[in-house]
Amino acid sequence: MAEMDTSSGGGHKKGPGVKKGKKLSTRIDLTPMVDLGFLLITFFMFTTTMAKPKTMEINMPYKDPNMKVEDQSKVKESTALTILLSKNHRVYYYEGIGSDPNNPPKLEATTFREKGGIRDEIIAKEAKVDAMKRAGQLGPKDQTTILIKPDTTSTYDDLVNILDEMSINAVKTYAIVDISGQDQEFIHLTEQANGGK
């Protein structure tokens, strides 16, 4: 049991003929305070909201089961930007969807830097699509479409970073797509041309 001694050990002398009173010691029992502390801790643990894990929401498009395949909107080469995530945090990109194997796209390499990185390429593509819409080459509903293709050697961190770039640049239409063997070949040829770097 916890006790606190508050008796005064004062050296005050009383005058002659005055009897000394008996010194009493005051005891304060702190045991109920410990119980109260645990009761408050338990109360606040059960009444406070636990921290919820932060997740990134991805809105998936509605897929109409009655829609025919030929009626589905296809990505136009002129509005598409394909981003390939590779090993060692390398980011490759090319304009279009790379559908013609006989005419491979020109792969460019970049990083996630704020200046001179993939963000600048996304902004440039959006500006190019807007200019084409103003010139009448694209319809009013056409918009920049970004295809994200993570390679098997890329990291989860790279995928999160590129999704952050979609959010920062307010890209409305983007998709995470499985990388094709053709795209992996594009990466391999680009790395060979750069001396394996």
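Of the residues L163, L159, L147, L189, which single one is assigned to a strand (DSSP E or B) and either out of contact with any helix residue (DSSP H, G or I) (no Cβ under 7 Å at 6 or more places or on another chain) or among the small types (G, A, S) (or both)? Steps first, please.
Numbers: L163 fails: assigned to a strand (DSSP E or B); L159 fails: assigned to a strand (DSSP E or B); L189 fails: assigned to a strand (DSSP E or B).
The match here is L147.
Give S25, S73, S78, S7 a once-over and let me know the one that is part of a loop (DSSP other than H, G, I, E, B), hydroxyl-bearing (S, T, Y) and either in contact with a Pro (Cβ under 6 Å, 6 or more places away or on another chain) or modelled with pLDDT of 80 or more (or both).
After applying the criteria, what remains is S78.
What is the number of the single condition among (1) at pLDDT 65 or above; (2) hydrophobic (A, V, I, L, M, F, W, C); (3) within 18 Å of M166 (Cβ to Cβ) that M56 does not meet?
Result: M56 fails condition (1) only.
Looking for whichever is acidic (D, E) and in contact (Cβ under 8 Å) with a residue 40 or more places away in the chain here; the options are E121, E95. Which one fits? Talk me through it step by step, then tell me what you get.
Values: E95 fails: in contact (Cβ under 8 Å) with a residue 40 or more places away in the chain.
Of the residues listed, the single one that is acidic (D, E) and in contact (Cβ under 8 Å) with a residue 40 or more places away in the chain is E121.
Can you pull out every residue in region 125-146 that is among the acidic types (D, E) and at pLDDT 85 or above?
First, the residues of region 125-146 that are among the acidic types (D, E): 126, 130, 142.
Correct list: E126, D130.
Restricting the first residue to region 181-192 and requiring it to be of a type in the set (G, A, S), which pairs with a second residue that is assigned to a helix (DSSP H, G or I) and crowded, with 16+ Cβ neighbours inside 10 Å meet a Cβ separation below 7 Å and a spacing of at least six or different chains?
none
Filter region 81-121 down to residues that are out of contact with any helix residue (DSSP H, G or I) (no Cβ under 6 Å at 6 or more places or on another chain), part of a loop (DSSP other than H, G, I, E, B) and hydrophobic (A, V, I, L, M, F, W, C), then give me how many there are.
Of the residues in region 81-121, 1 are out of contact with any helix residue (DSSP H, G or I) (no Cβ under 6 Å at 6 or more places or on another chain), part of a loop (DSSP other than H, G, I, E, B) and hydrophobic (A, V, I, L, M, F, W, C).
The values are calculated or read from the model by the stated rules, or taken from the named source; none is laboratory data. Remember, predicted model here, so these are calculated numbers, not experimental data. Glycine also receives a Cβ, built like all others from the backbone with ideal geometry; neighbour counts cover every protein chain displayed.
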